[in-house]
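Peer 1: Below you'll find the structure I mean.
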Amino acid sequence: MKKYLLAAGAAVTAAVAAAALAAPATAAPAQDTTSASASVAAPVSAAPSAAWRTVRSGERVDAGGGYTLWLTRQGKYWTGPDGFEQFRSVVDGNLDLTRPALSHQGEGTFHSGVYGGPELPGRVEVTDAEGRVTRATLLQLPGRPGWGVWYAHTAPSDHDVSVAFYAADGRLLVELPGIYA
């Protein structure tokens, strides 16, 4: 099941495909919860002490489970195990980066999206209906362009997940609540 969601500020906007939502949790700096976080095309240096990892434009990052992500100035690209290339624009006007913004694309147990806004990012967390929290890995381009990409793998669940974006100082900026029906 593929889910596409978007939130800007406190507003939650359903984007493409299934109308499923995602929300909160708690923890510290971003950390990859998968065993694979190396670049596919070129080696990536170890994650810095900051909450996010800086990658070059077009640099392919192995997100584990057959997923690959890469960023350009236009937005987030990714492929899954099926090899189908997908794209999420950051320049088409759908994300208001003058305030905290968050999107969510879910494909089974793989979740990713775009985060952005004027605040320095601290972390993105994915929480399932059972209360399990998974801290996402954060990627962004050099020069702090005001947006970045997050991804995480979660345990299988019959329910939606929620996603929360926190500032570097720990404040909750945006959340996409899950539907636990």
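Peer 1: Within the stretch 80-156, list the GluC sites (Glu not before Pro) lying in a DSSP loop whose Cβ has at most 13 other Cβ atoms in a 10 Å radius.
Peer 2: Of the GluC sites (Glu not before Pro), the ones in loops of the stretch 80-156 whose Cβ has at most 13 other Cβ atoms within 10 Å are 130.
Peer 1: What size of dipole, in debye to the nearest 20, comes out for the stretch 65-112 about its Cα centre when the only charges are +1 on Lys and Arg C-beta atoms and -1 on Asp and Glu C-beta atoms?
Peer 2: 200
Peer 1: Determine the per residue accessible area of the stretch 52-168 with all protein chains present and a 1.4 angstrom probe, expressed in square angstrom.
Peer 2: About 35 Å² of surface per residue is accessible.
Peer 1: Could you tell me which of rounded, prolate or oblate describes the stretch 68-136, using a ≥ b ≥ c as the square roots of the eigenvalues of the alpha-carbon gyration tensor, with rounded for a/c under 1.5 and, failing that, prolate when a/b is larger than b/c and oblate otherwise?
Peer 2: Cα axes put the stretch 68-136 in the oblate bin.
The values are calculated or read from the model by the stated rules, or taken from the named source; none is laboratory data. Keep in mind that what you see is a predicted model, and the values were worked out from it rather than measured. Quick reminder, even Gly has a Cβ in these numbers, built from the backbone with ideal geometry, and neighbours come from all protein chains shown. Please note that ligands, DNA and RNA were not included when accessible areas were found on the heavy atoms of the full protein model with its side chains. Shrake-Rupley method; radii C 1.70, N 1.55, O 1.52, S 1.80 Å.
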